[in-house]
Amino acid sequence: MPFLGIKLRRPQKDRKTVLQLAPVADACASEDAAHSATPELDTQGPVTVLTDPGGKLTIDPELRQICAVMNDGSFYVHKDQIDRADIAALPHTAMTLLGLKLSDPIACEFSELQDIYGVSVTSGEYASKARAEIERILKDAADKRASDIQITFLPTGTKIVYHINGYRTDTVIELPPLLGDAVYHAAYYLADHGDTVNSSSENVKVSIADTSKLPKSVNGVRMQFARLANGRHLNMRLMYAEKEIAAGGLGSLGFDKSHMLLFREAQKSSAGLITNAAPTESGKSTTLSIFCSELMDINDNRLTVVAADDPPEGIDPRILQFSVDASVHKDGQDPFEKVLEASLRVAPHVVKIGECRTKNTALAAMQAVYTGKLVLTTLHTLNAMQIPLRYQWLGVPADTAFDPDLHRLWIAQRLVPTLCPHCKVQAASDLENPVTEALFASFEPVLQDQAKAVCVAGPGCSECRDVGSMKGLVGRKLIAEVVRPTEDLLKHLKEDTRTGRDYWLRHMNDKSMRLLGMDHLLAGTIGLAEYASFIGSADDLAFDLSATTKAQSVKSRASAVPLAHDPKGMLH
Ligand SMILES: [Zn+2]
């Protein structure tokens, strides 16, 4: 396989010949040799691998994954393993048992060792084993509804963990180095490459959209290969066919009544930018897909809706799905921008673009809005109030980024893991746990008396052990904020995000994620640790609380006391 770029230090044909000449029956001879103090060893003839299974130098199978000793004394060791004690001991063993002086360790790659032992990662036994292994892992992860499969390839072995309900699991599978390496390449070859094959050892992003290669419930897989200091890492994000959820509409996702009113209004508008801002794995893309399906229902299927996603999501067959191959950057153009251009040529009413991550994509999306289209996209940012600033950071001019004529709707959402009701414990009675102690100390001054009601995840029980990846957590709850940006709000946000946020909470009757999250925190649906890591800090909550308390006190005083009779200036 050309991409491996295997360059043996010795001509391969010699070794192949030699390997054929080294019969398995030699195993018995090697046993004898191992017990002989001054063995006969042919160091002049053709090169043989002494550490072959059944070879003259018997080593542990695990050690064979990382080194090879030849009869001429060449001593190949995986480059990251040279300092291991059992490697350092091998020259002594070779001298004692075989009278053979080994060379200094020759640093090499796994691929070279595999070639020495006559197995290749891309063909033959290992490749089919690896392919079967990756299919098994994908199916297992899909059955458990994992959002990600994280595979870490280290010289000592390969560890596989899943992300379930927002958290990493314990190690699910461990593989020996050779098989792990083969799995790495097998995963790479599952992707839809076309002819743009880079080396899988580089930092690359590829997708699997061919569903025949995937478990039934999975529509696509996005893979990110990365190089680590001491190995490699592969993240596989699983995209599920969410049909059963789509059937229930946005309401079934967990949006509340006030959110739904804003969605309905936006679904009837002909132009504008709808941005769903959230970190990865918060369901933001599912929300927009279902939004599109509902929009088509509401408008009697009279609208042309195009979508560009990586990988294509294919939830609704009525949506014209353009495929984005995020791994292709031949001309330096963002693939989303390119696909957006192409999709606009079919004169759509509605455009859903997977992600705005470059200036040009954002500008193209905004241009589409100004020509009268409804454009939906996602943005990586923490909350709704940061959306215009985030566009500005991408390089969109401030006047456009904060243009009230541009923005139609802002959504921000989180899927927060929920507490197992059977084993959750009150935070106040878990203070010997240093994390609870620290979080309680920071939230108590904000929540005051109500802090007593706050819970944390319990030790795990028979009800929750097999449901989540973390003890005491089951399922997830959608917590979201949906905002109809007004001219005044944008004016304040342009001044300063905190000023804008304060204005929003005081004047617009919306509830922020932080405040909705607090309701769930006080109800014991979500725990203190989950609030802090998915929604915000005690300071964040204090800010929103003070803005709304101020608003409430102004309102109640205004109705009780006429403004003119406010001698002490309490309202200011
Ligand atoms: Zn439990």
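The values are calculated or read from the model by the stated rules, or taken from the named source; none is laboratory data. As the structure is a prediction and not an experimental result, all values here were calculated from the model. As a convention, Cβ positions derive from the backbone with ideal geometry for all residues, glycine included, and neighbour counts pool all protein chains shown.
Among the residues making up region 342-357, those that are of a type outside the set (A, V, I, L, M, F, W, C) and surrounded by 16 or more Cβ atoms within 10 Å (Cβ to Cβ) are S343, P348, H349, K352, G354, E355, R357. Take the conditions (1) in contact (Cβ under 8 Å) with a residue 60 or more places away in the chain; (2) farther than 21 Å from P485 by Cα; (3) assigned to a helix (DSSP H, G or I); W504 misses just one of them, which is (2).
Taking the stated definitions as given, is S258 assigned to a helix (DSSP H, G or I) and in contact with a helix residue (DSSP H, G or I) (Cβ under 7 Å, 6 or more places away or on another chain)?
no
Taking D544, is it assigned to a helix (DSSP H, G or I), touching a Ser or Thr at 6+ places or on another chain (Cβ under 7 Å) and of a type in the set (D, E, K, R)? Answer is yes for this residue. One residue alone among V396, V375, V425 is in the same structural domain as D544 (by TED's automatic domain parsing), of a type in the set (V, I, T) and touching a residue at least 60 places away in the same chain (Cβ under 8 Å), and that residue is V375. Filtering region 410-435 to residues that are surrounded by fewer than 24 Cβ atoms within 10 Å (Cβ to Cβ) and touching a helix residue (DSSP H, G or I) at 6+ places or on another chain (Cβ under 7 Å) leaves A428, D430, L431, V435.
Select, from S462, S442, the only residue that is hydroxyl-bearing (S, T, Y) and modelled with pLDDT under 95.
Unique residue meeting the criteria: S462.
Output the number of residues of region 149-174 satisfying the condition of being charged (D, E, K, R) and modelled with pLDDT of 90 or more.
Residues that pass the stated criteria total 2.
Here E112 clears all of (1) buried (at least 16 other Cβ atoms within 10 Å of the Cβ); (2) at pLDDT 80 or above; (3) assigned by TED's automatic domain parsing to the domain that holds N219 except the condition numbered (3). Among the residues of region 80-105, the one identified as in contact (Cβ under 8 Å) with a residue 60 or more places away in the chain and surrounded by fewer than 17 Cβ atoms within 10 Å (Cβ to Cβ) is G99. Residue pairs whose Cβ atoms lie under 6 Å apart, sitting 6 or more positions apart in sequence or on different chains, and linking a residue in region 130-158 that is surrounded by 15 or more Cβ atoms within 10 Å (Cβ to Cβ) to a partner that is of a type in the set (D, E), are S147/E281; P155/D80; G157/E174.
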